[in-house]
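Novice: Just dropping this structure here.
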Amino acid sequence: MDNLLLVVITSLLSGLIGVSVTLAVQKRTAKRAEKMSIFKALMSARDIGELSYETVQNLNIIDVVFYNVDNVISAWKKLHQSYIDNGNISQKTHNSTNMLLQEMAKHLGYKNINWDTITHSYLSYEMIDAIQSQPVSRPKPLPEKLFDASKYPKV
């Protein structure tokens, strides 16, 4: 009887441990995949100039996806401030974008992706012509009040 009880307990524990380990690995893999998705999207659009809707979406979720990666969050805050101060198309904003990508690459374990790799991208002549023909983006002043809090009930 003792042997049977030991077998049952061992079977239950091994099943629980197996499921727990599998769930932990899947969670970690999903987090890395989400970080990779953002990194790849930003890398592919790093020299295009104007920000696409997809690029803006990826930038706006950095705070959530990389919440515990201080170097990435710090680089993102500097880039965000550069967008406010300098607009989309400026050397300072471009450098801040590259710094963000460099921090993301470090965090993701890409030892061979460095400043040189990030700053050397390919653009076709057609893309270069399209970028150069775009008007220079200037930051627009933000309204003093983004929304009127008095219209919403206090909780």
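Novice: Inside region 56-110, can you point out the residues that are closer than 13 Å to Lys35 by Cα, among the small types (Gly, Ala, Ser) and either touching a strand residue (DSSP E or B) at 6+ places or on another chain (Cβ under 9 Å) or buried (at least 16 other Cβ atoms within 10 Å of the Cβ) (or both)?
Specialist: Ala105
Novice: Report yes if Ile113 is under 16 Å from Ile38 (Cβ atoms) and either out of contact with any helix residue (DSSP H, G or I) (no Cβ under 7 Å at 6 or more places or on another chain) or modelled with pLDDT under 90 (or both), otherwise no. Working first, answer last.
Specialist: On the way: under 16 Å from Ile38 (Cβ atoms): yes; either out of contact with any helix residue (DSSP H, G or I) (no Cβ under 7 Å at 6 or more places or on another chain) or modelled with pLDDT under 90 (or both): yes.
For Ile113, the condition - under 16 Å from Ile38 (Cβ atoms) and either out of contact with any helix residue (DSSP H, G or I) (no Cβ under 7 Å at 6 or more places or on another chain) or modelled with pLDDT under 90 (or both) - is met.
Novice: Still on this structure, please answer the following. Say whether the condition of being modelled with pLDDT under 90, of a type in the set (Lys, Arg) and surrounded by fewer than 19 Cβ atoms within 10 Å (Cβ to Cβ) is met by at least one residue in region 36-43.
Specialist: no
Novice: So which helices (runs of 4 or more DSSP H) stay within region 1-96 end to end and still have 1 or more residues that are under 16 Å from the mean Cα position of the chain (by Cα), within 26 Å of Asp129 (Cα to Cα) and polar (S, T, N, Q)?
Specialist: Values: elements: 2-44, 53-60, 62-65, 70-86.
The qualifying helices (runs of 4 or more DSSP H) are 2-44, 53-60.
Residue-wise test of (1) at pLDDT 90 or above; (2) closer than 24 Å to Ser121 by Cα; (3) of a type in the set (Gly, Ala, Ser).
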site: Ser11; (1), (2), (3): no, no, yes
site: Ser14; (1), (2), (3): no, no, yes
site: Thr55; (1), (2), (3): no, yes, no
site: Asp63; (1), (2), (3): yes, no, no
site: Ala75; (1), (2), (3): yes, yes, yes
site: Ile89; (1), (2), (3): no, yes, no
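The values are calculated or read from the model by the stated rules, or taken from the named source; none is laboratory data. Please read these numbers as outputs of a predicted model, since none were measured by experiment. Virtual Cβ from ideal backbone geometry, glycine too; neighbours counted across all protein chains shown.
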